[in-house]
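Here the structure is laid out as C-alpha cells; the discussion comes afterwards.
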Amino acid sequence: MASTIIIGDGPAGLSAALFLAKNDHHVTVYGTDGTAMHWAHLHNYLGVPDIGGTAFQEVARAQATDLGAKLVAEEVTAVREEEGRFVVSTEGSASAQSAEYLVIAGGKTAGKLAESLGITSEHEGVDVDQDGRTGVDRVYVVGRLARPDRSQAIISAGMGAAAALDILSTEAGDDVHDWDSPPKE
Ligand SMILES: Cc1cc2nc3c(=O)[nH]c(=O)nc-3n(C[C@H](O)[C@H](O)[C@H](O)COP(=O)(O)OP(=O)(O)OC[C@H]3O[C@@H](n4cnc5c(N)ncnc54)[C@H](O)[C@@H]3O)c2cc1C
C-alpha cells in the first residue's frame, strides 16, 4: 500500500485525506487546526446550505479519521526527499516520518516548505496543473497556496480531491473514480 503525507488540515488537506483513506491508501495529515475556517461561516458550499466553519472542520476531521486517515497535531518544520521518499520533520516528534507522495495543503505559510523541495514561483503561490501536480514528481500543492488570491472552502476541497484521485490513479495505473451507488432497497 502506498503512503501519502499531507501537510495542512484545512478543507484542502482533509479532502485529500478522505479520498485517499476511503480507498485504503495509507495517509497521515499534519496540522494544528489553525485553519481560516474558524473565522468563516459557509453559505456557499454546494449541498450544505448553512454551516459554521468550526462545525465544518469538526465534521471533516471525523469523516477523514473514520475512514482511516491519521491526524497528527504537529506542525511540519522541514521536508526533504530521500531515496524516493518525502521525509517530514516536526517540532513535536523526535523521529521523522516519510511517504511516497506529498501533498502540501498548508496555505500560504507552507510556501517555504515547497521552496525547500525546489518548487519555486515568480509570483505569490505555486503553479500547479489541474490535479495539483507541481514540477516535482509525486509532490502536489492544493488549496490556498495554489490559489492565494481566490480562496474558497469548496475550491480547496475540490483541489484536494483532485490530487487524491491523481495519486490513486497513478498507483492503479489507470483512471480511478470514487463512485458509490445508493444501497439497494
Ligand atoms: C474571515 C474569513 C471568512 C471566510 N469566509 C468564507 C466563506 O464564507 N466561504 C468560503 O468558502 N470561504 C471562506 N473563507 C475562506 C476559507 O476559510 C478558505 O478558502 C479555506 O480555509 C482554505 O482552505 P485550505 O485548506 O486551502 O487552507 P487553510 O484553511 O488555510 O488550511 C491550511 C491548514 O494548514 C495548516 N498548516 C500550515 N502550515 C503548516 C505546517 N507547516 N505544518 C502543518 N500544518 C500546517 C494551517 O494551520 C491550517 O490549518 C473565509 C476566510 C476568512 C479569513
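Model label points for Gln152 and Tyr45, set 7 angstrom from Cα along the Cα-to-Cβ axis, are 1.4 nm apart. One decimal place: the segment Glu82-Lys108 gains 6.9 nm when fully extended, by the rule 0.36 nm per residue minus the C-alpha distance. Taking the empirical scaling 2.2 N^0.38 Å for compact globular proteins as reference, the stretch 1-73 has a Cα radius of gyration ratio of 1.09. The simple spin-label model puts a point 7 Å past each Cα toward its Cβ; for Asp129 and Gln63 those points are separated by 2.7 nm.
Taking 1.306 mPa s as the viscosity and 10 °C as the temperature, the Stokes-Einstein diffusion coefficient of the chain based on its alpha-carbon Kirkwood radius rounds to 97 µm²/s.
Net charge in the neighbourhood of Ser3 (other residues with Cβ under 13 Å of its Cβ; Lys, Arg +1, Asp, Glu -1) is 0. Centroid-to-centroid, using Cα positions, the stretch 6-43 and the stretch 150-185 are 14 Å apart. Between Ala96 and Trp179, the simple label model (points 7 Å from Cα in the Cβ direction) yields a spacing of 4.2 nm. With a cut-off of 15 Å, note down the residues of the stretch 131-175 whose backbone N falls inside the zone around a label point 7 Å from the Cα of Asp24 toward its beta carbon. 168-169, 171-173, by backbone N distance to the label point.
Read the figures in this text as sums done on the coordinates, not as results from a lab. Source: prediction; values computed, not measured. Heads up, the Cβs are rebuilt from the backbone with ideal geometry, glycines too, and the neighbour counts pull from every protein chain shown.
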